[in-house]
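What follows draws every value from the coordinates through simple rules; no lab data is involved. Everything numeric in this text was worked out from a predicted model, so none of it was measured. Every residue, glycine as well, gets a Cβ built from its backbone with ideal geometry; the counts of neighbours run over all protein chains shown.
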Amino acid sequence: MPAPLMQISTPDVLPASADCVVIGAGIVGVSAAYWLARAGKSVVLLEKGLVGAEQSSRNWGWCRQQNRDARELPLSTRSLALWEEMAADIGEDLGFRRCGLLYLSNTESELEGWAAWGRFARGEGIDTRMLGAAEATGRGAATGRSWLGGVWSPTDGIADPARAAPLIAKGVGKHGGRVVQNCAARGLELAAGAVCGVITERGVIATRQVVMAGGAWAGSFLHQLGVTFPQAAIRSSILSVAPGAEGVPSALHTAAVSVTRRGDGGHTLAISGRGHLDLTPGAMMGAKDFLPMFAKRWRALRPGGLQGWRSGFETRARWAMDRETPMERMRILDPRPSQALVAETLRRARRLLPALRDSPVQASWAGYIDTTPDGVPVIDADVGIGGLILAAGLSGHGFGIGPGVGHLVADLALGRPPITEVAQYRLDRFRQSQWGKVAKF
């Protein structure tokens, strides 16, 4: 069953030209298009399926600074303010609220890791508070058990994955941009090594600037252009339960299960880090690059099946510009969830939180998290093709930092001072060994 998603109507007419074309209408793509349109640029946002229909509506909805890798922390801090600014400007409720995030643990080593991160983060101006046993047990009263300690990050929060990307896309239109759904971008037209147009299934859009924000599809698209982007996709399975449970924290993480309150009053349930690595051509070709990450996460990841291969999103075959491409054959990636993992997640959640024991399951779904070898995104305007900006590989952290990534993309496209440093997001960092560089979170 697909994750819940607000659907919006958009024009079907494809403009002949634009200052910039953004490919992919997930949270990064809609945010990039929004900030570009808000800056007065003519923007076309292309989506092969529906706005927000892939991983941007299939995540937990967390917008956090807590436990971020140092390379992402400035972007996550800026994004929290941008969530509020975008909602006010668009005039819609994106579901964003600073409800605070609660982490609880009975493991000394885990608490020590959080404490070490907290010492660093407080030096960066982040409000993160270690909890002793009494306070952790009090804040975790809904569990009915004692806790050794925890963390409370009061300025972090959540937004609504079902509504955020579609409503930001409406903001693109408010500022004069054009959003076109069910229209796949097949490739780029180049002149003298630079972009001069985007080839779509409906025709060509003349442009000198393109943002590739295609999520799990980015690697195969760039492969057509001779650009290597190491990318692996983790299939994550989660579920939601119906409204009715009282007293459950809005956003709670434990080693056993994580729980997030949804916009309808229900709750999303997931096991942090757990997922399946489906066999795909991209994963096979890039296995060497991902060995450090897989070595770190081997306890959480499980071998998957052939769903990813059959979906075609990580193909390394060449496709023709005048015939149907894998993006048109698979408009929306909607993989089957692992029913065993869904059942285990539900058991853990009901064991942890008695209030959920009578909450019926609403839905379960899966999504592909596009991941880089070091778990940090690529946001780069120098990938070897003039006028092409890459913003992908958000590695499971993209929803919360989406507004900031979009703003940074717009900064690069407009040549204005960036909101954060950009060196840590460059694609060419993968020319070096990734041992010891995997994100720490």
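Which one, (i) 35, 22, 22; (ii) 32, 28, 23; (iii) 38, 34, 19, gives semi-axes √(5λ) of the Cα gyration tensor in Å as derived from the coordinates shown?
Looking at semi-axes √(5λ) of the Cα gyration tensor in Å for this model, the match is (i).
Can you give me the angle between helix 339-352 and the longest principal axis of the chain, using Cα atoms only, in degrees from 0 to 90, rounded to the nearest 10?
The angle comes out at about 40 degrees.
To one decimal place, what Kirkwood hydrodynamic radius in Å is obtained for segment 235-276 from all pairs of distinct Cα atoms?
With all distinct Cα pairs of segment 235-276 included, I get 10.7 Å.
Most fluctuating residue of 83, 309, 217 in a GNM of the chain with Cα springs under 10 Å: which is it?
Among 83, 309, 217, the largest GNM mean-square fluctuation belongs to 309.
Using a Gaussian network model of the chain whose springs link C-alpha atoms within less than 10 Å, name the residue from 125, 215, 29 with the highest mean-square fluctuation.
Among 125, 215, 29, the largest mean-square fluctuation in the Gaussian network model of the chain belongs to 125.
When only C-alpha pairs under 8 Å and at least 6 residues apart count, what is the relative contact order of segment 118-158, in percent?
Dividing the mean separation by the residue count of segment 118-158 yields 39 percent.
Order 356-365, 41-50 from most to least packed using the mean count of other Cβ atoms within 10 Å.
41-50, 356-365
Restrict the search to segment 316-382; then list the GluC sites (Glu not before Pro) that DSSP places in a loop and that have at most 12 other Cβ atoms within 10 Å of their Cβ.
324
Specify the angular offset, from 0 to 90 degrees and rounded to the nearest 10, of the alpha carbon long axis of helix 73-90 from the longest principal axis of the alpha carbons in the chain.
Helix 73-90 and the main axis of the chain meet at about 70 degrees.
Among 95, 404, 305, which one moves the most in a GNM of the chain with springs linking Cα atoms closer than 10 Å?
Top of the fluctuation ranking is 305.
For Cα pairs less than 8 Å apart in space and 6+ apart in sequence, what is the mean separation divided by the residue count of the chain, i.e. the relative contact order in percent?
The normalised contact order for the chain reaches 24 percent.
If packing is taken as the average count of other Cβ atoms within 10 Å, what order do 9-16, 31-38, 200-207 fall into, highest mean first?
31-38, 200-207, 9-16
Can you give me the angle between helix 27-38 and the longest principal axis of the chain, using Cα atoms only, in degrees from 0 to 90, rounded to the nearest 10?
The helix 27-38 is inclined about 60 degrees to the chain.
Using alpha-carbon pairs under 8 Å, 6+ residues apart, how would you state the relative contact order of segment 219-360 in percent?
Relative contact order for segment 219-360 comes out at 29 percent.
For the chain, what does the helix formula give at 222 nm: sum of -39500 (n - 2.57) over DSSP H segments with n ≥ 4, over the residue count, nearest 500 deg cm²/dmol?
Using -39500 (n - 2.57) per qualifying helix, the result is -8500 deg cm²/dmol.
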